[in-house]
Structure formats: C-alpha cells, structure tokens
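The values are calculated or read from the model by the stated rules, or taken from the named source; none is laboratory data. Everything numeric in this text was worked out from a predicted model, so none of it was measured. Using ideal geometry, Cβ is built from the backbone for each residue, glycine included, and neighbour counts are taken over all protein chains shown. For accessibility, only protein heavy atoms count, side chains too; no ligands or nucleic acids. Shrake-Rupley method; radii C 1.70, N 1.55, O 1.52, S 1.80 Å.
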Amino acid sequence: MNRLLKFRVWDNVDYMSSPFTLQDVQERKIEFTPDCVVMQFIGLFDKDGKEIFEGDIVSSGDKDSCVVEYVGDTFMRHVIRWDLRNQYYPFRSHHQYKIIGNIFQNPELLNL
C-alpha cells in the first residue's frame with residue numbers, strides 16, 4: 001500500500017499548522033523548530049471526512065473520549081478516564097469516530 005504521508009505541527013504555544021508532506025519540508029514550504037510537536041496523519045478519516053492525526057481527540061458518541069497515539073507499530077485509541085489508566089484499543093471502524101479536538105488546543109476534552 002502506497003499512501004501519502006502527511007503531517008502537522010504544533011508550535012508548543014498556540015499555532016497548529018495545516019497538513020503538509022515531506023516534499024513540502026524539502027521544498028521549504030514549511031519550516032519549524034526542533035521543539036515543535038510533529039503529528040502524523042494516520043491514514044483514516046472520521047465520520048465527517050476529516051483526516052485523523054496523532055494527538056486528535058476522537059469520540060464515538062459514548063461518554064469516553066480517546067486520544068489517537070502511535071503505540072508499538074500501529075495507531076491506537078487511548079481511552080482517558082480516571083478509572084482506566086493506559087487502556088489502548090485499535091480502531092474498529094474509523095467512520096464511527098468524530099474528531100472533537102486535539103490534546104494541545106482542547107485538553108479540557110479529556111474527561112480527567
């Protein structure tokens with residue numbers, strides 16, 4: 001499978017970049033410092049057709065929000081709840097999830 005690798009960058013202050021490719025970096029269309037957080041597009045879209053990236057907070061309509069993380073060799077959903085620490089699950093059907101924010105701009109969505 002040959003998919004286009006896309007990324008976005010958080011500047012650790014208040015700016016989230018638009019998605020970009022490695023070619024964009026090589027052509028200097030985007031630049032960022034080493035202290036920025038780089039997140040990869042996971043190759044899946046939410047139920048509204050939005051690209052899902054690492055660091056996104058997704059919801060399936062239940063009470064739990066999940067953070068998208070890269071664990072081992074795959075992207076997983078990390079359920080964040082005070083009574084369930086470090087619970088990781090694979091994506092079942094990505095179309096059942098909706099992006100509701102991300103861990104940098106919307107930490108209040110983590111239901112801690």
Derived scalar couplings ³J(HN,Hα) [the range 7-21; Karplus, 6.51 cos²θ - 1.76 cosθ + 1.60; whole Hz; x for Gly, Pro]: 9, 9, 10, 9, 7, 6, 10, 7, 10, 10, 6, 6, x, 9, 10
Determine Rg/Rh for the chain; Rg is computed over alpha-carbon atoms and Rh is the Kirkwood hydrodynamic estimate from the same atoms. 0.97
Using a 7 Å offset from the Cα along the Cα-to-Cβ direction at both residue 44 and residue 17, what is the distance between the two label points in nm, to one decimal? 2.5
For the chain, what does -39500 (n - 2.57) per DSSP helix run (n ≥ 4), summed and divided by total residues, give at 222 nm, in deg cm²/dmol to the nearest 500? -1000 deg cm²/dmol
If I compute solvent accessible area with a 1.4 Å probe over the protein chains, what percent of it on the chain is carbon and sulfur? 51
With the 1.4 Å probe rolled over protein heavy atoms, the chain has an accessible area per residue in Å² of 63
For residue 37, what charge total do you get from the other residues with a beta carbon under 11 Å from its beta carbon, if Lys and Arg give +1 and Asp and Glu give -1? -2
Note, ³J(HN,Hα) from phi for the range 29-38, Karplus 6.51, -1.76, 1.60, rounded to Hz, x at Gly and Pro: 6, 9, 9, 8, 8, x, 7, 6, 9, 9
